[in-house]
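The values are calculated or read from the model by the stated rules, or taken from the named source; none is laboratory data. Quick caveat: nothing in here was measured; it's all calculated off a predicted structure. Neighbour counts run over all protein chains shown; Cβ positions are idealised from the backbone, glycine included. Accessible surface is based on the protein model in full, side chains and every heavy atom, while ligands, DNA and RNA are left aside. Shrake-Rupley method; radii C 1.70, N 1.55, O 1.52, S 1.80 Å.
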Amino acid sequence: MNTSLIDFYKTVRDNPEKLLDEINKTFNNSNPQQHYYDLRMQYNEEKKHLDKIRRSALFFYLNKVGFNGIYRVNLQGNFNVPIGKSKTYFIPTKNDFNEASKLLKSTKLTSKDYKEIVRKAGFNDLIYLDPPYYPDDSSKFVGYTEPSFGKKQHEELIEECYKA
């Protein structure tokens, strides 16, 4: 459901060094809090008009600097995670990005409903599914994306995996 994540991986695959250069430009510490909220606003308001490299760099930045690395959107599809408390961030090296790019060259990256992906899987296919944490008494929040992914969706996911 997170097309921004898939777009990020495609950008790592296709333009690793340009992406890293753009990521490094986003980390500006003159006023970290203001900078974060300015970039979050840019990401939300200009997402459809930004080139893939800039959009992916903002996605990476917001994920690193946002609270606990959470990716969450509101009903309008806007990223709405507040700034986190960390002051240091791990940014992969040029070599890391180039190695990831090589590994992703032979990978099909897609963002579709998990049911469609699981049903189309063949022998020796690796599928990575990353549902949100299962809601329990301590955490009932299931709205990281729209539509939400709650208890019913977790149960359906388990059933689909058993069928495959």
Query raised in the report: So what's the back-of-envelope 222 nm ellipticity for the chain, counting only DSSP H runs of four-plus at -39500 (n - 2.57) apiece and dividing by all residues, rounded to 500?
Result: -15500 deg cm²/dmol
Report summary line: Expected vector for the stretch 35-50, Karplus 3J(HN,Hα) from phi with 6.51, -1.76, 1.60 and θ = phi - 60°, integer Hz, x for Gly and Pro, equals 4, 4, 5, 5, 5, 5, 5, 4, 4, 6, 7, 10, 3, 6, 9, 7
**Report entry** the chain - accessible surface per residue (Å², probe 1.4 Å)
**Finding:** 67 Å²
Query raised in the report: How do 25, 52 rank by accessible surface area computed with a 1.4 Å probe, from largest to smallest?
Result: 25, 52
Requested in this report: May I ask you to evaluate 6.51 cos²θ - 1.76 cosθ + 1.60, the Karplus curve with θ = phi - 60°, for each residue of the stretch 116-131 and list the ³J(HN,Hα) values in order in whole Hz, giving x for glycine and proline?
Outcome: 5, 5, 4, 5, 8, 5, x, 4, 6, 7, 10, 10, 9, 10, 10, x
Report summary line: Computed over the chain, the relative contact order (Cα-Cα under 8 Å, seq sep at least six) in percent reads 28 percent
Report task. May I ask you to give the percent of accessible area on the chain that is carbon plus sulfur, with a probe radius of 1.4 Å? Result -> 51 percent
Requested in this report: Using Cα centres only, tell me the gap between the stretch 1-76 and the stretch 82-107 in whole Å.
Outcome: 12 Å
Query raised in the report: For the pair residue 113 and residue 51, what calculated FRET efficiency results from E = 1/(1 + (r/R0)^6), where r is the Cβ-Cβ distance and R0 = 30 Å, to the nearest 0.05?
Result: 0.65
**Report entry** Ordering of 15-23, 151-159, 124-132, 2-10 by packing [mean C-beta count within 10 Å, highest first]
**Finding:** 15-23, 2-10, 151-159, 124-132
Query - Volume per residue that the Cα convex hull of the chain spans, once the total is divided by residue count, Å³ - result: 131 Å³
Query raised in the report: Under 5 Å between amide H atoms, partner at least 5 residues away or on a different chain: which partners does residue 66 have, H built in plane at 1.01 Å?
Result: 84
